[in-house]
Amino acid sequence: MEVSRALVECMLTVRRHLRDEGLGNFTLQSKESIHNMIVACALSQDDKTRALGIRLQVLSGLPEPVTEPSFKASAEFLVDHQKYTGPLRG
């Protein structure tokens with residue numbers, strides 16, 4: 001991945017926003033710092049921070065992070081499978 005001036009400036013801005021929101025303090029030298037900042041931006045409640053995360057993703061060329069589990073259990077599934085059906089011990 002080629003590091004451009006726009007990418008570094010975006011990383012600095014994202015880092016500042018994440019630190020202000022209390023979502024972590026990231027170092028720019030870390031091998032996975034860009035990926036971690038993109039994930040933190042996706043989890044942010046602030047629209048501007050999420051938009052900055054998308055811009056960072058585009059500039060870095062990394063794929064969109066998965067922030068939600070791939071399997072969501074339905075309410076019916078949970079009700080059916082959380083009941084104990086074994087023998088009762090007294």
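Modelled label positions at L62 and D47, each set 7 Å beyond Cα in the direction of Cβ, lie 2.5 nm from each other. Annotation note: trypsin sites (Lys or Arg not before Pro) in region 1-62 located in DSSP loop regions with a Cβ neighbour count of at most 10 within 10 Å are K31.
We did not get these values from a lab; they are worked out from the coordinates using the rules stated. Given the structure is predicted, the values throughout are model-derived calculations rather than measurements. Because the Cβ atoms are built from the backbone with ideal geometry, glycine has one as well, and the counts that use them run over all protein chains shown.
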